[in-house]
Amino acid sequence: MGKIIAVAQHKGGTGKTTTCINLGASLCDMGKTVLVVDLDPQASFTLSMGINPLEVKNSIHQVLVDPTVDIKSNSITNQTPLDIAKERYAKGEINKDQFMQIKKDLED
């Protein structure tokens, strides 16, 4: 049975997204399977992973309220934050400085 770790705080600017990024990446590095569910209405984690929430077919809202929407078919899998950053850099969506900043943030 897996473990559930929740990172929650009503106040903004407390490091929730940064904690999730680093905790998720660290667990992946340890060989763990990780599912991060971004419940933030501002989609901070989603954006930090290089995913445009406006281009996602279904949001977590649809998964939670519509029983016909399957969470597995609406999940993005098998990519680390660094993998996503590399893809975005290769596509020209981010520049070298942005890529290096993401890489540095993930290493810290």
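Taken together, the values in this text are just the output of simple stated rules run on the coordinates, not laboratory data. Keep in mind that this is a model prediction, so the values were computed, not measured. Reconstructed Cβ throughout: ideal geometry from the backbone, glycine too, with neighbour counts over all protein chains shown.
Within the option set THR68, THR80, being of a type in the set (Val, Ile, Thr) and surrounded by 13 or more Cβ atoms within 10 Å (Cβ to Cβ) holds for one residue only, THR80. Does segment 83-104 contain at least one residue that is aliphatic (A, V, I, L, M), surrounded by fewer than 15 Cβ atoms within 10 Å (Cβ to Cβ) and within 21 Å of ALA8 (Cα to Cα)? The answer is no; no qualifying residue exists.
If you go through segment 12-34 and keep only what is within 16 Å of SER75 (Cα to Cα) and either loosely packed, with under 11 Cβ neighbours inside 10 Å or in contact (Cβ under 8 Å) with a residue 60 or more places away in the chain (or both), you end up with just THR33.
Where in the chain are the helices (runs of 4 or more DSSP H), entirely inside, with at least 1 residues that are aromatic (Phe, Trp, Tyr)?
Ranges flagged: 44-48, 81-90, 96-107.
Considering every residue within segment 34-49, establish whether at least one is small (Gly, Ala, Ser) and over 13 Å from the mean Cα position of the chain (by Cα). The answer is no; no qualifying residue exists.
Return the only residue of SER59, SER48, SER73 being among the small types (Gly, Ala, Ser) and loosely packed, with under 10 Cβ neighbours inside 10 Å. Criteria check complete, one pass: SER73.
The requirement of being surrounded by 13 or more Cβ atoms within 10 Å (Cβ to Cβ) and of a type outside the set (S, T, N, Q) is satisfied by ALA43.
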